[in-house]
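No lab work stands behind these numbers, since they all come straight from the coordinates. Values in this document were obtained by computation on a predicted structure and should not be read as measured data. Don't worry about glycine lacking a Cβ; one is built from the backbone with ideal geometry, like all the others, and counts go over all protein chains shown.
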Amino acid sequence: MIENLRLSFQSIWAHKMRSILTMLGIIIGIASIIAIVSTIQGSYEQNKKILIGAGTNNVEILLTKNGSPHSISGSLDIPSGVPVVSDSVRDQILALDTVENVTAYTERKTVNRSVYYNNTEIALPTIRGIDTSYFSTTGYKIRSGRGFTEDDYTNFRNVVIVDDTIADNYFPGSDPIGETLSINGMVFTIIGVAAESKTYTAAISTVTEYNSQKSQNSTSNGCLFLPRACWPLLYCFDEPENVIVKASSTDDMIKAGSGAVQILNSTISSDLTDVTYTAQNLATQASWLEQLSSSSNTQLIWIASISLLVGGIGVMNVMMMTVTERTSEIGLKKAIGAKKRAILGQFLTESVVLTSLGGILGVGAGIGISYFIYNLSGIPVAISIPASVIAVAFSMLIGILFGLFPSMKAANLDPIEALRRE
């Protein structure tokens, strides 16, 4: 084998220009496939972050009734048998190997004349009662002031954090820290402003839904955050909570969501069949993206494979020429005892080395083209190591398939007839 490799490189080096031109079809084909796979995979990863995780890997788990999100506007809407999310349940969810963080929150959509700053009504903000891990899980940042402390929870302090939408709309050019809001007749002091992460929820399976969700987020009326412990001061009752889990990676979101749902639903009384916790429909959108990426990959790779076919025919043509040129050499080797297997192995090795070199150069060219496309158009790329290895292996297979016939021809030459040729 080592001797065959040495002879192969020696023959390729002796005919450098011919070898390069022969490899050109393989190089172009492999480079095209690598560039296609890299750009499509890069776009797929980017779309996955936007449509599924938006870079935060969050899965929102909502309390639903008969399949629809269950909103609570009064005590009559509170379903029986659904407890608040306890610390032990939180710990069970956090113990899942796909979960990085978890938070639970209560939420009310306010009605008219519920929230005031001085005599100015703050129009229909969302009010959330949050725990200490809410901001770290959802990606909110404290823009000014401070976040909640343990004392705010244990001492039931009437403090509130406003998001940047409310701060910018109702306190333009001024700092709202220290100002007071009236919420359902109770006075709360603003202690911080939270900057909202510009992300969109994961329940999106089409681009139309994505654009619709983006529009809804951009016209939000803002949000007020209260310590979860203060929630009964405003609404008199403990209420079921929604949950947000942060998955370890975007690929783990479906598993993290389903695991958390199973734990949460186990806390609901068995006689309640219409009220359940439901994770966002990640499976649909993940499947849609996977199918889109796979179908695009397949179509373009088939097109690029045409050049590989052309390259393979070129390899066969050159190997046939090589056999003709070296007929006397083959006859001499067979005359001194070389077996058919040895002759076959020598020429087949030369064909495989030729296409393998083309495959390696093609992978390098494909990576270069991918980054050139990225710098030119901004389309993201993701270099796939498995695809690169498969491409080189495929080029070796081409060498075997298209080099087999010339190699068999060489191995089957009659030594006497071969020696007579010049």
* To do: Take each of the peptides 259-266, 161-168, 349-356, 125-132, average the number of other beta-carbon atoms within 10 Å over its residues, and list them starting from the highest.
  => 349-356, 161-168, 125-132, 259-266
* In whole Å and largest first, what semi-axes does the C-alpha gyration tensor of segment 70-117 yield when each eigenvalue is scaled by 5 and square-rooted? -> 30, 16, 8
* Just add up the charged neighbours of Asn184: K/R +1, D/E -1, any other residue whose Cβ is under 12 Å from the Cβ of Asn184. => +2
* To do: Mind ranking 174-185, 397-408 by how tightly packed they are, going by the mean number of other C-beta atoms within 10 angstrom, highest first?
  => 397-408, 174-185
* Packing-based ranking, highest mean first, of 238-247, 19-28 given that Cβ atoms within 10 Å are counted -> 238-247, 19-28
